[in-house]
Amino acid sequence: MVIVAGHIVVDPDQRGPYLANCVSVVEQARRAPGCLDFALTADLVEVGRINIFERWESQAAVEAFRGSGPSDEQSAAMLAASVAEYDIAGVRSLT
């Protein structure tokens, strides 16, 4: 399993429009083979921060979906980013 997690920072006035433009990306990801979860969410404390969480069955599934990465428009709107991939060997359910 692969988890992609972190955050990006956009202009606080642009966070809502940025997220609205990402709805189709989230929908596509959730339909993609190997996607277990995919979320882009507004941070509750920092007004320009967008939290990223993705869970995939494999690295191959991540790469097949990711393709060339964010669009030029999305990249231009990002003021900063801190996102990493984690290879997960085991899982313990908390529910």
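Observations
- The Cα trace of the chain gives Rg and Dmax of 13.7, 40 Å, the first to one decimal, the second as a whole number.
- Formal net charge of residues neighbouring Met1 (Cβ-Cβ distance under 15 Å; K, R +1; D, E -1): -4
- Percent accessible area from carbon and sulfur atoms, the chain, protein chains only, probe 1.4 Å: 54
- Normalised by the number of residues in region 6-49, the average gap of Cα pairs under 8 Å and 6 or more apart makes the relative contact order 57 percent.
- Remark: the chain carries a charge dipole of roughly 280 debye about the Cα centre, counting +1 on each Lys and Arg Cβ and -1 on each Asp and Glu Cβ.
The values are calculated or read from the model by the stated rules, or taken from the named source; none is laboratory data. Keep in mind it's a predicted model, so treat the numbers as computed, not measured. Every residue, glycine among them, receives a Cβ derived from its backbone with ideal geometry; neighbour counts consider all protein chains shown. Areas reflect the complete protein model, heavy atoms only, side chains present, ligands, DNA and RNA absent. Shrake-Rupley method; radii C 1.70, N 1.55, O 1.52, S 1.80 Å.
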